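For reference, the structure is listed below as structure tokens.
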Amino acid sequence: MLRRSRIYFILVFVLVASALTIYYVHDTKERAWVEDGVLDLSSMAYDYNGTIALNGEWEFYWNQLLTPADFELQKPEPRYAKVPGSWEHDLDGNTYNSKGIATFRMTIENLPEDSRYFGLKKANVRTATRIYVNGELVLEDGKPAVQAQDNIGSNQSKIVYFEIEGRTAEIIIQVANYDYIIGGIAKPVTFGEQQPLMHMHYHQFLFEYTMILIVLIIGLLYLFLFLVSKSFRSREPVALSLALSCLFYGAMSSTYSERVLNLFYPHASINFNFRFGHLMSVLSVIMVLFVINKVNPRYLSNRIRNGMTGIYSTFIVLIFAFPLEMYMPSIAFYLILTIASFLAILLRVVILYFKEPETKSGNLENRTIIFAIFCVILYWFDDSLYSFGIKDNMYLSFLSVAVYSLSLAGLLIARYVSSYRKNEELTEKLIDAFTTLDQTTKEAERHEIAFLQAQIKPHFLFNALNSIISLCYTNGARAAKLLTELSQYLQRSFGVNLSSDFVTIENELKLIEAYVEIEKTRFGDRISVSYDIDEDALPLKITPLVIEPLVENAIRHSVLQLKSGGQVKLSIKKREGMLCICVENNGRGMDARTLAQIQDEESDRISSKGHGISLKNINARLYSFYGVKLDFQTETNGTKVCIEIPAVTDEPLD
């Protein structure tokens with residue numbers, strides 16, 4: 001069962017196809033105003049709005065370049081030919097050579113009484129032209145000549161304005177063709193009052209110029225992105241093919257209809273215009289094949305793309321290796337082959353579209369490429385009708401190539417936006433993952449602190465309790481004081497706040513003092529601890545269990561290792577926004593092996609000996625929080641350990 005979106009797609013396609021059919025039926029309908037070489041404007045009140053295409057039956061004089069003087073002396077016996085059209089045959093069935101000369105003549109009667117200034121627009125006359133109006137030479141494009149060596153072909157779109165006295169206009173057009181495969185007046189000659197004709201000309205020229213400009217700008221934009229952005233090149237392999245197809249299409253279109261190219265190169269020969277235009281045509285087809293392949297190789301495989309590229313490359317050889325009269329007969333085959341090829345590709349893409357399951361990105365890609373290929377087919381179909389003389393304008397050709405460029409540019413933008421959104425989603429997920437990991441890590445660190453804080457060895461507790469028991473028999477007051485100190489020490493050791501990473505210096509000092517009092521009760525005069533603390537350092541915050549373990553290690557592993565004991569000094573100073581903490585002792589110094597173990601990041605962080613937390617663990621946490629490590633100064637008769645961290649009263653931001 002078809003999804004609703006695909007039903008809509010079919011309906012839109014049917015509507016577009018119906019609209020195009022109505023347009024082509026209307027636009028290809030023959031409108032012959034000129035009869036037997038005469039156009040009477042008085043009978044065209046509802047069809048004449050200031051301009052009119054001089055289509056119909058013109059007087060035709062084969063193998064003659066007649067001037068107005070020739071018709072004044074004695075009017076030759078005319079034949080009649082259809083304009084626009086080729087001169088292969090006249091209306092009586094007589095046939096003529098593709099190369100040669102001829103004269104076309106017609107008369108316009110009953111011109112508007114209130115108008116004196118008129119104009120004439122020549123679109124496509126093959127290939128050299130000279131136009132007279134009421135006996136005056138008003139326009140020359142190239143130089144028509146009886147002999148081929150004297151003829152100069154041009155075939156540019158031109159417009160001319162002139163004044164007419166009276167209500168009759170005689171128009172004589174000399175035509176010579178020695179360049180193209182067939183001669184004649186291929187497209188309508190438009191006559192009209194100056195202002196309406198000027199507006200019509202400028203509107204048509206501006207339309208074609210705008211469409212070409214859109215295509216070229218898109219091509220240059222994606223070419224620039226491809227050249228300057230390495231990431232864009234790797235992410236969008238279709239960019240170069242799209243850019244080149246747009247540039248080739250724009251260059252090719254500039255040689256058609258109003259021939260915008262001649263605005264910039266007015267002296268370009270007809271030979272150059274034809275060869276350049278058809279070269280751009282072949283290259284544009286090849287690049288569109290690459291675009292389809294690069295968008296999705298399922299639409300057009302590499303093997304088929306390369307095979308078709310080889311076939312079209314033979315047309316490039318024909319363009320450069322053969323004269324125009326030998327190359328031109330292949331154009332009809334080229335146009336039919338191009339339309340048939342893209343129709344086959346379109347059919348394959350449509351089949352894939354209806355066979356594959358619907359996805360948001362897949363639908364967008366399929367619909368866009370279907371639309372783009374349809375525009376390409378429409379371009380070549382409309383161009384073929386124009387080339388074969390069935391249509392007298394290329395409005396749809398210019399419009400379709402601009403829409404082709406915009407649709408594929410839109411696809412690349414949509415793909416980029418989709419990629420950007422996916423990257424954003426991935427980034428958000430990574431940020432969430434890192435945030436969760438960071439929170440988990442912090443929780444682990446806090447629990448580690450709690451674990452380490454609670455890691456009081458049993459013999460320390462037993463020794464403290466035994467000291468209290470013995471004092472109960474000899475000195476009850478001192479035993480009570482020691483019991484109070486032990487209680488406070490245990491309370492501060494176990495009272496870990498897991499919601500915070502920091503404690504004040506004041507709280508840390510209370511823990512240190514409780515520990516020192518217990519040890520002094522046990523070991524008496526063997527331990528001497530002095531304090532040098534700045535008052536304004538007390539409210540400052542620090543990560544817990546940094547200072548107390550330093551004091552504990554100084555007592556347990558330095559001072560008490562000597563029979564006579566020793567001294568420990570704790571210094572905490574606030575200097576220029578920094579907090580300086582030093583713990584020094586005059587006991588046994590630290591050997592090189594122990595110091596190396598502390599500084600070795602790969603060794604176990606939990607000390608295997610001592611009361612609490614190893615110096616290595618302190619080192620690791622200081623580096624994690626502040627990016628600093630313990631500074632050791634050790635000798636045989638003592639050790640000094642210092643820390644310098646930022647002085648803050650609030651917890652640092654993550």
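The values are calculated or read from the model by the stated rules, or taken from the named source; none is laboratory data. Computed from a predicted model, the values in this text were never measured in an experiment. No Cβ is skipped: glycine too gets one built from the backbone with ideal geometry, and neighbour counts run over all protein chains shown. Only protein heavy atoms, including side chains, enter the accessible area calculation; ligands, DNA and RNA are left aside. Shrake-Rupley method; radii C 1.70, N 1.55, O 1.52, S 1.80 Å.
Computed from the C-alpha gyration tensor, the three semi-axes of the ellipsoid equivalent to the stretch 1-140 are 41, 21, 14 Å, from longest to shortest.
Scalar couplings 3J(HN,Hα) for the stretch 51-68, obtained by applying the Karplus form with A = 6.51, B = -1.76, C = 1.60 to θ = phi - 60°, are 9, 7, 7, 7, 8, x, 9, 9, 5, 9, 10, 6, 6, 9, 10, 8, 10, x Hz; x denotes Gly and Pro.
Among the GluC sites (Glu not before Pro) within the stretch 11-63, those in coil by DSSP and having at most 12 neighbouring Cβ atoms inside 10 Å are E30. For the set K75/K187; K569/K616; K99/K122, the pairs lying more than 24 angstrom apart at their alpha carbons are K75/K187. Here the Karplus relation 6.51 cos²θ - 1.76 cosθ + 1.60, evaluated at θ = phi - 60°, turns the backbone of the stretch 335-342 into coupling constants of 5, 5, 4, 5, 4, 5, 4, 6 Hz, with x for every Gly and Pro.
Once all protein chains are placed together, M198 keeps about 40 Å² accessible to a 1.4 angstrom probe. Helix 4-27 and the longest principal axis of the Cα set of the chain meet at an angle near 20°. Of I304, F272, A340, which is farthest along the charge dipole of the stretch 267-382 in the positive direction, counting Lys and Arg as +1 and Asp and Glu as -1 at C-beta? Positive-end residue among those listed: I304. Proximity of backbone amide H atoms, modeled 1.01 Å from N, is registered between V529 and V568 at under 5 Å, excluding neighbours fewer than 5 places apart on the same chain.
For the stretch 145-223, GluC sites (Glu not before Pro) are listed when DSSP marks them as loop and at most 13 other Cβ atoms sit within 10 Å of their Cβ; the list is E165.
Rolling a 1.4 Å probe over the protein heavy atoms of the stretch 22-124, with every protein chain left in place, gives an accessible area that is 45 percent carbon and sulfur. If you take the Cα Rg of the chain and divide it by 2.2 N^0.38 Å, with N the number of residues, what do you get? Its radius of gyration relative to the 2.2 N^0.38 Å reference: 1.86.
How far is helix 615-626 tilted, in degrees, relative to the longest principal axis of the Cα atoms in the chain, given as a value from 0 to 90 rounded to the nearest 10? Taking Cα atoms only, the helix is inclined about 40 degrees. Cα-based values for the stretch 176-279, radius of gyration first and Dmax second, are 18.0, 57 Å. Counting only protein chain heavy atoms and rolling a 1.4 Å probe, the accessible areas of I345, I336 rank, largest first, as I336, I345.
Counting only heavy atoms of the protein chains and using a 1.4 Å probe, V583 has close to 10 Å² of accessible surface. Accessible area per residue was computed with a 1.4 Å probe on protein heavy atoms; H203 scores about 120 Å². Taking the Cα centre of the chain as reference, the dipole from Cβ charges on Lys and Arg (+1) and Asp and Glu (-1) amounts to some 2820 debye.
Normalised by 2.2 N^0.38 Å, where N is the number of residues, the alpha-carbon radius of gyration of the stretch 233-384 equals 1.13. Ordering M394, M308 by accessible surface, largest first, gives M308, M394; the 1.4 Å probe counts only protein heavy atoms, with every chain in place. Rolling a 1.4 Å probe over the protein heavy atoms gives the stretch 100-154 an accessible area of 38 Å² per residue. Spread over its residues, the convex hull of the C-alpha atoms of the stretch 522-605 is 139 Å³ per residue. Oblate is the label for the stretch 175-217, because the ratio a/c of its alpha-carbon gyration tensor axes (a ≥ b ≥ c) is 1.5 or higher and a/b is not greater than b/c.
Positive-end ranking of A19, N110, T95 along the dipole of the stretch 1-134, with charges on Cβ about the Cα centre, is headed by A19. May I ask for the angle, rounded to the nearest 10°, between helix 547-557 and the longest principal axis of the chain, with both axes built from Cα atoms and the value confined to 0 to 90°? Tilt of helix 547-557: around 50 degrees. If a/c stays under 1.5 just call it rounded; otherwise compare a/b with b/c (prolate if a/b is bigger, oblate if not). Do that for the stretch 98-247, with a ≥ b ≥ c from the square roots of the Cα gyration tensor eigenvalues. Since a/c reaches 1.5 but b/c is at least a/b, the shape of the stretch 98-247 is classed as oblate. Largest to smallest in accessible area, the residues C472, C580 fall in the order C472, C580 (1.4 Å probe, all protein chains included).
Under Stokes-Einstein, with the Kirkwood radius over Cα pairs as Rh, the value for the stretch 343-415 at 4 °C and 1.567 mPa s is 98 µm²/s. Computed from backbone phi, the HN-Hα couplings of the stretch 195-211 come to 5, x, 5, 4, 4, 4, 5, 5, 5, 5, 5, 5, 4, 5, 4, 5, 4 Hz, rounded to whole numbers (Karplus: 6.51 cos²θ - 1.76 cosθ + 1.60, θ = phi - 60°; Gly and Pro given as x). Scanning residues 5 or more positions from V628 or on other chains, those with amide H under 5 Å from its amide H are Y623, with H placed 1.01 Å from N in the peptide plane.
Reported to the nearest whole Å, the Cα centre-to-centre distance from the stretch 1-79 to the stretch 562-589 is 107.
Work out which trypsin sites (Lys or Arg not before Pro) in the chain are exposed loop sites (DSSP not H, G, I, E or B, at most 13 other Cβ within 10 Å) and give the longest gap free of them. It runs 32-297.
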